[in-house]
Amino acid sequence: MANFRKNIDLEFTSLDFYDNYVISRFREDVVLGPTELQELIKACVEQFDSNRFVYISKREKNYNVIPTIYLNLKEEIQNLRGIAIVTNRSSTISMAKFEQKFSKVPYEIFQEMEEAIKWAEKQVKK
């Protein structure tokens, strides 16, 4: 695992920043929409500057994502090299597969955090 750098708590999520990736853990019953996305982008830009990184979402709680937020991510945050979803809940996997269709950046679904981290490390080297 890469070096832990910092934790930031936002109103809707907790972010753990590492050298090449960030792990997000959303709070219960949040809706991730454009406003929340802008806060996430701001936090990531502050931590990673122009360095390549992967966003890892550890989906433990029930929350919703407005899937159209993925449409312009590639342009909004050019150093984002991928999105990884980590969950073992079938309903969450189904929703993540639907969201995946909207993403222009590499988007993968994993059941284990270790797998997502290995994938993230490969993505930042591309």
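The values are calculated or read from the model by the stated rules, or taken from the named source; none is laboratory data. None of the values given here were measured: they were computed from a predicted structure. Backbone-built Cβ (ideal geometry, glycine too); neighbour counts: all protein chains shown.
The set of residues from the range 7-24 being closer than 21 Å to GLN123 by Cα and of a type outside the set (S, T, N, Q) comprises LEU15, ASP16, PHE17, TYR18, ASP19, TYR21, VAL22, ILE23.
Scan the range 80-95 for residues that are farther than 16 Å from ILE23 by Cα and touching a Ser or Thr at 6+ places or on another chain (Cβ under 8 Å) and the total you get is 1.
Among the residues of the range 42-84, those identified as buried (at least 19 other Cβ atoms within 10 Å of the Cβ) and over 23 Å from PHE98 (Cβ atoms) are CYS44, PHE48, PHE53. Screening VAL65, VAL54, VAL22 for residues that are in contact with a Pro (Cβ under 9 Å, 6 or more places away or on another chain) and within 23 Å of ILE117 (Cβ to Cβ) leaves exactly one candidate, VAL54. Screening SER90 with (1) of a type in the set (S, T, N, Q); (2) over 11 Å from the mean Cα position of the chain (by Cα); (3) surrounded by 13 or more Cβ atoms within 10 Å (Cβ to Cβ) gives one miss only, at (3). Mind checking whether some residue in the range 105-113 is at pLDDT 95 or above, within 25 Å of ASP19 (Cβ to Cβ), surrounded by 18 or more Cβ atoms within 10 Å (Cβ to Cβ) and touching an Asp or Glu at 6+ places or on another chain (Cβ under 8 Å)? Yes, that holds for at least one residue. When we screen SER57, SER103, SER24 for residues that are within 19 Å of LYS6 (Cβ to Cβ) and out of contact with any Leu (no Cβ under 6 Å at 6 or more places or on another chain), the only hit is SER57. The residue that is farthest from LEU15 (Cα to Cα), counting only those in the range 25-41 that are loosely packed, with under 12 Cβ neighbours inside 10 Å and of a type in the set (D, E, K, R), is ASP29.
The residues of the range 25-81 that are among the hydroxyl-bearing types (Ser, Thr, Tyr) and under 21 Å from ALA120 (Cβ atoms), listed by number, are SER50, TYR55, SER57, TYR70.
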